[in-house]
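Notes follow once the structure below has been shown.
The values are calculated or read from the model by the stated rules, or taken from the named source; none is laboratory data. The model shown is predicted, which means the values in this text are computed figures rather than measured ones. Reconstructed Cβ throughout: ideal geometry from the backbone, glycine too, with neighbour counts over all protein chains shown. The area values use the complete protein model at the heavy-atom level, side chains included, leaving out ligands, DNA and RNA. Shrake-Rupley method; radii C 1.70, N 1.55, O 1.52, S 1.80 Å.
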Amino acid sequence: MSSEPWTIERICDALGNPTLAQRFLGEINRAPAHDLLAVFAKWQSIAQTTRTAVQRGREIAAAEARGEEPPGEWIDGADRLQQASARIRSRGAA
């Protein structure tokens with residue numbers, strides 16, 4: 001990841017979605033002075049999480065394109081989903 005400092009522009013770019021960027025800009029522009037740092041920190045965290053997820057997605061896609069297993073540890077939740085589904089059906093849910 002980049003070691004550049006976070007700026008409003010970098011946060012908008014990292015969000016990767018114009019609607020989300022507009023929401024951020026709206027919040028940062030309407031924030032009272034005493035809340036600016038908190039609003040900035042909140043959106044910086046969201047941007048960093050988004051950036052990390054995008055990078056992870058690219059790594060997974062590259063591994064799959066090479067015919068490899070995706071990197072990392074994966075948990076198969078199929079059994080849990082099937083058990084939950086069976087419980088719901090037993091209660092008469094459609």
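Remarks
- Only one entry of Thr19, Thr52 meets the criterion of being in a helix (DSSP H, G or I) and farther than 20 Å from Pro5 by Cα, and that entry is Thr19.
- Odd one out for Pro71, checked against (1) open to solvent by 60 Å² or more (accessible area, probe 1.4 Å); (2) modelled with pLDDT under 95: (1)
- Segment 50-68 - residue that is loosely packed, with under 10 Cβ neighbours inside 10 Å and of a type outside the set (Lys, Arg) and, of those, farthest from Ile11 (Cα to Cα): Gly67
- Residue in segment 30-39 that is open to solvent by 50 Å² or more (accessible area, probe 1.4 Å), in a loop (DSSP other than H, G, I, E, B) and of a type in the set (D, E, K, R) present: no
- Any hit, segment 1-20, residues being in contact (Cβ under 8 Å) with a residue 24 or more places away in the chain and surrounded by fewer than 10 Cβ atoms within 10 Å (Cβ to Cβ): yes
- Within segment 25-40, residues that are free of Cβ contacts under 8 Å to residues at least 40 places away in the same chain and of a type in the set (Phe, Trp, Tyr) have Cβ atoms under 8 Å from residues that are in a helix (DSSP H, G or I) and open to solvent by 50 Å² or more (accessible area, probe 1.4 Å) in these pairs: Phe40/Ile8, counting only partners at least 6 apart in sequence or on another chain.
- When each of Ser90, Ser45 is tested for being free of Cβ contacts under 8 Å to residues at least 24 places away in the same chain and either surrounded by fewer than 10 Cβ atoms within 10 Å (Cβ to Cβ) or among the basic types (Lys, Arg) (or both), the lone residue that passes is Ser90.
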